[in-house]
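Structure first, then comments.
The values are calculated or read from the model by the stated rules, or taken from the named source; none is laboratory data. No experiment lies behind these values; they were computed from the predicted model shown. So basically every Cβ, Gly included, is an ideal-geometry build from the backbone, and we count neighbours across all protein chains shown.
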Number of protein chains: 4
Amino acid sequence: MTGTSEADLPDNWGRWGADDELGTLNLITDEVRARAAAEVRTGDWVSLAQPITPSAMFFSPFLPDTVESSPVQQMVSHTGGPVAADMSLIYNHHFKSTHLDALAHWSTDEQVYPGRPRAEVVTPLGITHASTAAFAAGIVTRGVLLDLAVEGPLPPARAVTPDDFEQAEKRQGVEVASGDALVVRLGWTGRGPADTPSPGISMDAVRWMHERGVAVIAPDRGDAHPPLNPDEPSPLHGVALGRMAMPLIDVPQLDDLAALCARLGRYSFLLTVAPPRIHGLTGVPVNPIALF
Amino acid sequence: MTGTSEADLPDNWGRWGADDELGTLNLITDEVRARAAAEVRTGDWVSLAQPITPSAMFFSPFLPDTVESSPVQQMVSHTGGPVAADMSLIYNHHFKSTHLDALAHWSTDEQVYPGRPRAEVVTPLGITHASTAAFAAGIVTRGVLLDLAVEGPLPPARAVTPDDFEQAEKRQGVEVASGDALVVRLGWTGRGPADTPSPGISMDAVRWMHERGVAVIAPDRGDAHPPLNPDEPSPLHGVALGRMAMPLIDVPQLDDLAALCARLGRYSFLLTVAPPRIHGLTGVPVNPIALF
Amino acid sequence: MTGTSEADLPDNWGRWGADDELGTLNLITDEVRARAAAEVRTGDWVSLAQPITPSAMFFSPFLPDTVESSPVQQMVSHTGGPVAADMSLIYNHHFKSTHLDALAHWSTDEQVYPGRPRAEVVTPLGITHASTAAFAAGIVTRGVLLDLAVEGPLPPARAVTPDDFEQAEKRQGVEVASGDALVVRLGWTGRGPADTPSPGISMDAVRWMHERGVAVIAPDRGDAHPPLNPDEPSPLHGVALGRMAMPLIDVPQLDDLAALCARLGRYSFLLTVAPPRIHGLTGVPVNPIALF
Amino acid sequence: MTGTSEADLPDNWGRWGADDELGTLNLITDEVRARAAAEVRTGDWVSLAQPITPSAMFFSPFLPDTVESSPVQQMVSHTGGPVAADMSLIYNHHFKSTHLDALAHWSTDEQVYPGRPRAEVVTPLGITHASTAAFAAGIVTRGVLLDLAVEGPLPPARAVTPDDFEQAEKRQGVEVASGDALVVRLGWTGRGPADTPSPGISMDAVRWMHERGVAVIAPDRGDAHPPLNPDEPSPLHGVALGRMAMPLIDVPQLDDLAALCARLGRYSFLLTVAPPRIHGLTGVPVNPIALF
């Protein structure tokens, strides 16, 4: 296997104009929305988020000497009246928290989608283009789960390919269509830190998403560690997010969803992705909800 | 108008057992869920959250001398490679951010619902009972908007009463039923800080919610400032949240919802309330989504 | 042993007027300053601060799962140019960091020295009276070490008494005088967290300090845990700091000082106590320097 | 004026071995220490730090809409008992706070003094070499003030030269010797933010410090903005700190010192520089004390 010249990589820069901040969310048309709505029948629902147990800020003299690191640190303030309130330090981009990556999280040749100089976009005062502002009102579309782990977690170094996707479509009786959120289960929810050897999404699989018109991607393990192909180290972050401008739900928890889909015998649903409505970030924690 | 003896206040302590953490969310039954699902037809949706523009942490030497305070402070880290990432300080309970209050946010006679000693619940290491853990998998139910501001914002000191609710039900052709999320628009979205004189929800209106079996409440202005009745300073936080154990979506943004309801001619919808899945907090920012 | 009526406790409220923020620092006169200056002969010096190894903010995906808590959390920012910079979260009042407590750290009957209502002094926007502002330009005076641990650490529950002080004075050939900083070594530097059973300073020892006119106190273990006398739970914080208005250097590291004093055969020195010049706090980390 | 080839720049890399973290602090010998001690006669002292008024963390609903940015943000915690405590966010490298820069703050050709790869030194978990750990026990040496602003602040774009230093030595009757801390007053204490046009220290002046053996430098304005010579943009940070390994007290407040020196008719003193004893940072706030 050899590297790919940049010209061959799938790319949406310019497709929706020079000022676009939505990327593949542009594929969520009225028709897609109606298709999503038609999925809601019983009101069953499930969360695609990892639970987070916050650590305390190191304020209390009664804190243990050793604590577990967490994507959230909190401090409770109680002033003697009826009210207790807290503040939280939230850290992005951990392997322990489900978050939605904005397009500005990744740059290509020092440019941010669809071609803005990074130095103008990434500033000490916040992200000025293609930040979480683009997602702040929430994303609603049809979601499709392709469960590749029905017989157990994929092994380390296993490449997820288009063939995997198409076999799952056949097995589950669904078809990924333009504007869908693609949820891919490798069986790796909660399976260790960033540097654990793992399977991952191949560049061919990313091309397949491009052809199908996937709007949002949510795999429980994304880019393999170590890379499947050293010449293409980051198909999902580098190409799908950075070039195709496809928002990434990183580190979702998919075991509950897979169990519910199996119980209902249905692998498509309406998906809401509605992080706190905070502008100007590169990513934000999110609790995606699948509705049936 | 005189004060109320405590014995007369609506109360759900004990109703769902001594260990309950869900409060009125227990009212969201399979039947309610099905009723909610039936609302989803077109896939139209709208966010009920205020947009938040973060302030920068005071890190940059290029920060202006004067900045606007915000419920979020962020700091972007960019290390020279393709990745930019950020950390955020998120502050709860501002009049500028839409958040979901947990039951432990308010205590009554030094006890937290349904009768735990506050000293055991509110600890430097986090909230141990009735925290945001109860909501972490999200809330999905039917939502009903009662728009009391069709002719403009309610004036300061105006008490919202059961009569207001019932007239709106009639006018809009909806009826609030057990398990619903009640969304109440006073026309006060974004109308100034905590200490601006304002209208608010009366104790009688809270009783009405109790009788109807409201599961979640989302008013764009909650407890009046100054209190409508000095002997009952906080019907919504003190009684609805603290005694009735009814989770509160505080400081929602309801103008977009009202506009969409008016355009569609529909005032009921499926509501998802899915904050980041963080345990142990007293409240958490949220982006509620109304689906039609 | 019985409790003490409040009227009998040593007290300096009113001694230096109703607006005073300096407390016993008023005892550092020109004469004291000259006495301090006379101690500096060789330029030998030693730090009285505990070293602090910061923990990282939980930002990095490469952070270990488990970390040690620390009074400081840091985050390094490096942007690809020559500069690396960091921000730090500093937590006060730990048993792991040497800090200088301001008078407003402790209140008596809801009042802060010398009689201001706490609600006016302790505000969400900072401390408005008797804060670290009083110490911001630094404290310079004569320091005297009384080393009570020459034969090893004092055992748990051992009360430090005036007799201990006077025997040490005799043994070491020094005498504590008005305006001095009294440094007391119990041999407890770094001997475990707040809730380890420990020796401590007795109320009689605090009275002795009052009579001698001590200006600043720096013991390597202050109030005993559990209290020496349950009716007087906190001689040092409650009485010396709160009533006598004597600033407290909490959790100093005294082993290096004791070794240098023994080597030089001198137990008095010039002491500089110069925390970062930050106003409005209840306490601030400090690195006191003893000069010989 | 033309640029300088790198080979001509003053440099101490290797002078004290491959593992050194002290840099020019190695010049503070016993003889220097004794010279410093001899300066202490009366016990007069003065702080060289800027006062810092912290901003509040954006926690309180009663925070004003607009606040001043500050190098410190604090949050007071009061829990109803006698104790009030606070936590602080401290930001480095502002033009508003007096801080001590560690050698690792600046790198040269991706190396940190005396030749360590930056990638090994600057890590997300902290600085591993030539951090504030080198200064944690404090610095004590003789200080000399050269006051160049007796007739008012130097004008923007004015280069400070060796001639300025030598005229001041003559005028004031002092001589800068090996191991001294050199304190230079340009009259710019508090004169505006980083991007205000200003005077600054020239490269020739840095060479002079190298020849004299200055151990620590404290100018109230360091590198000029814009640079005095575009080919040598940063004599003080880039060359004195990065190459000569001379610790920098950045943004000191020197007006009080100048007034005291004038009153006493003495321009040399003992200087203590004792920041909180925190390891692993690139810089730390400090309150230097000049003793006479």
Could you count how many residues in the range D:63-110 are facing chain A (nearest Cβ under 10 Å), in contact with an Asp or Glu (Cβ under 7 Å, 6 or more places away or on another chain) and touching a residue at least 12 places away in the same chain (Cβ under 8 Å)? 1
Consider residue A:55 against the criteria (1) free of Cβ contacts under 8 Å to residues at least 40 places away in the same chain; (2) under 30 Å from residue A:204 (Cα atoms): it satisfies all of them except one. Which criterion is unmet? (2)
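Given C:166, C:211, C:175, which one is charged (D, E, K, R), under 21 Å from residue C:23 (Cα atoms) and not in a strand (DSSP E or B)?
Residue meeting the stated conditions: C:211.
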Check whether at least one residue in the range A:28-42 is within 23 Å of residue B:100 (Cβ to Cβ) and either surrounded by 18 or more Cβ atoms within 10 Å (Cβ to Cβ) or more than 7 Å from every other protein chain (Cβ to nearest Cβ) (or both), and report yes or no. yes
Taking residue B:167 as meeting all but one of (1) farther than 30 Å from residue D:123 by Cβ; (2) in contact with a strand residue (DSSP E or B) (Cβ under 8 Å, 6 or more places away or on another chain), write down the number of the exception. (2)
With the checklist (1) aliphatic (A, V, I, L, M); (2) buried (at least 23 other Cβ atoms within 10 Å of the Cβ); (3) over 24 Å from residue A:203 (Cβ atoms) in hand, flag the one item residue A:67 doesn't pass. (2)
Considering only the range C:1-110, give the strands (runs of 3 or more DSSP E) lying wholly within it that have at least 1 residues that are polar (S, T, N, Q) and farther than 23 Å from residue D:289 by Cα. C:66-68, C:72-78, C:84-91
Pick from the range D:45-62 the residues that are more than 22 Å from residue D:209 (Cβ to Cβ) and more than 7 Å from chain C (Cβ to nearest Cβ): which of them is surrounded by the fewest Cβ atoms within 10 Å (Cβ to Cβ)? D:61
Going by the structure shown, is residue A:140 of a type in the set (Val, Ile, Thr), in contact (Cβ under 8 Å) with a residue 12 or more places away in the chain and touching a Ser or Thr at 6+ places or on another chain (Cβ under 8 Å)? yes
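Would you mind stating whether residue B:105 is buried (at least 19 other Cβ atoms within 10 Å of the Cβ) and either in contact with a Lys or Arg (Cβ under 9 Å, 6 or more places away or on another chain) or of a type in the set (D, E, K, R) (or both)?
no
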Regarding residue C:140, is this residue at pLDDT 95 or above, more than 23 Å from residue D:60 (Cα to Cα) and touching a Leu at 6+ places or on another chain (Cβ under 6 Å)? no
Taking residue C:140 as the residue in question, decide whether it is in contact with an Asp or Glu (Cβ under 6 Å, 6 or more places away or on another chain) and either under 30 Å from residue D:41 (Cβ atoms) or assigned to a helix (DSSP H, G or I) (or both). no
Given (1) outside the structural domain of residue C:257 (by TED's automatic domain parsing); (2) out of contact with any Ser or Thr (no Cβ under 9 Å at 6 or more places or on another chain), index of the condition residue C:83 fails: (2)
Which numbered condition residue D:206 fails, given (1) crowded, with 18+ Cβ neighbours inside 10 Å; (2) within 14 Å of another protein chain (Cβ to nearest Cβ): (2)
Kindly indicate which of B:182, B:145, B:154 is of a type outside the set (Val, Ile, Thr), in contact with a Gly (Cβ under 9 Å, 6 or more places away or on another chain), surrounded by 16 or more Cβ atoms within 10 Å (Cβ to Cβ) and under 25 Å from residue B:38 (Cβ atoms). B:182
Failed condition for residue C:66, given (1) at pLDDT below 80; (2) more than 27 Å from residue B:81 (Cα to Cα), with all others met? (1)
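Residue-by-condition table, conditions (1) within 14 Å of another protein chain (Cβ to nearest Cβ); (2) closer than 18 Å to residue A:150 by Cβ; (3) surrounded by fewer than 24 Cβ atoms within 10 Å (Cβ to Cβ):
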residue: A:191; (1), (2), (3): yes, yes, yes
residue: A:200; (1), (2), (3): no, no, no
residue: A:212; (1), (2), (3): no, no, yes
residue: A:246; (1), (2), (3): no, no, no
residue: A:249; (1), (2), (3): yes, no, no
residue: A:256; (1), (2), (3): yes, yes, yes
residue: A:272; (1), (2), (3): yes, no, no
residue: A:279; (1), (2), (3): yes, no, yes
Tally the residues that are closer than 26 Å to residue B:235 by Cβ and either crowded, with 24+ Cβ neighbours inside 10 Å or within 9 Å of chain A (Cβ to nearest Cβ) (or both), restricting the search to the range B:111-129. 6
